[in-house]
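Everything on this sheet refers to the single structure shown next.
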């Protein structure tokens, strides 16, 4: 019986690549995304099984998780990649947009963890891969709504790391820099100034996922997954010299 993975945000970007990579390794994959987002196309292209789902609806998530286990078997990995971004200054982004981003990026993560972690704990085996961002610990101007949700995901992961200790569940919090996906292109299409690109040179989704696999192969490895050396160095600077990092960000983003 193949291993079973749930991939949220499966209709594009990193989620679609995750479906392809897992299927190539022989996993049974439940591809989760909103209906009408290209989910069926991704399922046909990758061989994943589509499960339409609104991750902001906790009851729906519980129902879909149960359906995945009924159809495919016990869930052994959650790759929580569902996410959206709405750029803009904090004072300019509508309150409803703040709520929408938080509901998808943070509460969607909570809902899926709550749906799959109890079964993993009972079986004393499982993998939770929560996609955060370098924006989850590095303040990012004009991305306040998104950044706040990723700070929340990082905090959730650090808390879970304590709560899941000795449970048999391997937890990883993936913190990539900008990733070359349709979501990133959409952010710039929405008017984010080109100077913001100086904060991070985009890397590929494949590189992020390869880093995750390498980390999961070491169950007692670090909670945080940094796919490139620059992000690793920035994280260390953020921890030990936060003023130095925020000053550098201010200078870089102020340049025309």
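The values are calculated or read from the model by the stated rules, or taken from the named source; none is laboratory data. Owing to the predicted nature of the structure, the values given are computational and were not obtained by experimental measurement. For neighbour counting, all protein chains shown are included, and Cβ atoms are generated from backbone atoms with ideal geometry for every residue, glycine included.
Restricting 50, 2 to those that are outside any helix (DSSP H, G or I) and at pLDDT below 95 reduces the list to 2. Restricting to the stretch 165-182, and then to whatever is buried (at least 19 other Cβ atoms within 10 Å of the Cβ) and over 16 Å from residue 230 (Cα atoms), can you tell me which residue is modelled with the lowest pLDDT? The extreme case among them is 181. The listed residues are 130, 142, and the only one of them that is under 28 Å from residue 246 (Cβ atoms) and modelled with pLDDT under 95 turns out to be 142.
Specify which of the listed residues (211, 200) is at pLDDT 85 or above and under 19 Å from the mean Cα position of the chain (by Cα). Step through it out loud before you land on a result.
Values: 200 fails: at pLDDT 85 or above.
That would be 211, the only listed residue that is at pLDDT 85 or above and under 19 Å from the mean Cα position of the chain (by Cα).
Being surrounded by fewer than 24 Cβ atoms within 10 Å (Cβ to Cβ), in a helix (DSSP H, G or I), at pLDDT 95 or above and touching a strand residue (DSSP E or B) at 6+ places or on another chain (Cβ under 7 Å) is the requirement here; does residue 161 meet it? Against the criterion (surrounded by fewer than 24 Cβ atoms within 10 Å (Cβ to Cβ), in a helix (DSSP H, G or I), at pLDDT 95 or above and touching a strand residue (DSSP E or B) at 6+ places or on another chain (Cβ under 7 Å)), residue 161 qualifies. In the set (1) buried (at least 16 other Cβ atoms within 10 Å of the Cβ); (2) in contact with a strand residue (DSSP E or B) (Cβ under 8 Å, 6 or more places away or on another chain), the condition left unmet by residue 107 is number (2). On the stretch given as the stretch 5-26, residues that are part of a loop (DSSP other than H, G, I, E, B), more than 15 Å from residue 129 (Cα to Cα), touching a helix residue (DSSP H, G or I) at 6+ places or on another chain (Cβ under 8 Å) and at pLDDT 95 or above total 1.
Sub-9 Å Cβ pairs linking a first residue in the stretch 151-175 that is on the phi > 0 side of the Ramachandran plot to a second residue that is surrounded by fewer than 21 Cβ atoms within 10 Å (Cβ to Cβ), at least 6 apart or interchain, are 168/121; 168/123; 168/124; 168/125, ordered by first then second residue.
Could you identify the single residue in 56, 37 that is closer than 19 Å to residue 130 by Cβ, in a loop (DSSP other than H, G, I, E, B) and either touching a helix residue (DSSP H, G or I) at 6+ places or on another chain (Cβ under 9 Å) or at pLDDT below 95 (or both)?
Of 56, 37, the one residue that is closer than 19 Å to residue 130 by Cβ, in a loop (DSSP other than H, G, I, E, B) and either touching a helix residue (DSSP H, G or I) at 6+ places or on another chain (Cβ under 9 Å) or at pLDDT below 95 (or both) is 56.
Out of curiosity, is residue 135 in contact with a helix residue (DSSP H, G or I) (Cβ under 7 Å, 6 or more places away or on another chain), surrounded by fewer than 20 Cβ atoms within 10 Å (Cβ to Cβ), part of a helix (DSSP H, G or I) and touching a residue at least 12 places away in the same chain (Cβ under 8 Å)? Break it down into steps so the answer makes sense when it comes.
On the way: in contact with a helix residue (DSSP H, G or I) (Cβ under 7 Å, 6 or more places away or on another chain): yes; surrounded by fewer than 20 Cβ atoms within 10 Å (Cβ to Cβ): no; part of a helix (DSSP H, G or I): yes; touching a residue at least 12 places away in the same chain (Cβ under 8 Å): yes.
Against the criterion (in contact with a helix residue (DSSP H, G or I) (Cβ under 7 Å, 6 or more places away or on another chain), surrounded by fewer than 20 Cβ atoms within 10 Å (Cβ to Cβ), part of a helix (DSSP H, G or I) and touching a residue at least 12 places away in the same chain (Cβ under 8 Å)), residue 135 does not qualify.
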